Amino acid sequence: MYCPKCSQQQVSDEVRFCSRCGFPLGPVAQLLAGGEVVIVRDTEPRRWLSLRHRNQGTRIGAKMLFFSMVLVPVAIALSVIFDAPGPLLIPFTLFLAGLAQVLYVRIFGESALPGKRPQPAIHGANERRFESPLPPAAPMPMIDSRPTNTSEIVQPPSVTERTTTLLEKK
């Protein structure tokens, strides 16, 4: 069997995940064995983030708006002291960034800030969900720290050994 995502040949048909890309091969094996249709669908086709993640993006934008309002009196005081409008740039920029964040979340339904996006669920005929696309990590084997005795290693035969043997027979 080959992985449908990366075309890596699998060592056995009982492998649950691709060894190269981690793609879940359980539904593929079920499809090949029983002919049942495996449906891969996104639970939220247009919106990547759930309601909780959208609200979190809105809260971050609202916090930025709040802190910009808190910084306005400080910026005004600094502007009066230095007789320059430069300090007002900080709360104004923070206000615009917060407003852009809130509007982006409201319009597109996802946060503009980088974060983890949930992966689409893979469903079979029995609606079984895969929690992780990778199997649990195996413990690392211990490396032998003793020096290797190279005289015990068997050397492979030479590439030209068979030809030499054939020529000697003639």
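The values are calculated or read from the model by the stated rules, or taken from the named source; none is laboratory data. Everything numeric here is computed off the predicted structure, so don't read it as measured data. As a convention, Cβ positions derive from the backbone with ideal geometry for all residues, glycine included, and neighbour counts pool all protein chains shown.
Some observations on this one:
- Of the listed requirements (1) assigned to a helix (DSSP H, G or I); (2) at pLDDT below 80, Ile60 misses just one: (2).
Residues checked against (1) on the phi < 0 side of the Ramachandran plot; (2) touching a Leu at 6+ places or on another chain (Cβ under 6 Å); (3) surrounded by 13 or more Cβ atoms within 10 Å (Cβ to Cβ); (4) modelled with pLDDT under 65:
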{"residue": "Leu49", "(1), (2), (3), (4)": "yes, no, yes, yes"}
{"residue": "Gln56", "(1), (2), (3), (4)": "yes, no, yes, no"}
{"residue": "Met64", "(1), (2), (3), (4)": "yes, yes, yes, no"}
{"residue": "Val70", "(1), (2), (3), (4)": "yes, no, no, no"}
{"residue": "Val80", "(1), (2), (3), (4)": "yes, no, no, no"}
{"residue": "Pro85", "(1), (2), (3), (4)": "yes, no, no, no"}
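- Looking across the stretch 143-160, the residues that are assigned to a helix (DSSP H, G or I) and not charged (D, E, K, R) come down to Thr150, Ser151.
Conditions tested, residue by residue: (1) modelled with pLDDT of 70 or more; (2) assigned to a loop (DSSP other than H, G, I, E, B).
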position: Pro118; (1), (2): no, yes
position: Arg129; (1), (2): no, yes
position: Ser132; (1), (2): no, yes
position: Pro135; (1), (2): yes, yes
position: Pro141; (1), (2): yes, yes
position: Arg162; (1), (2): yes, no
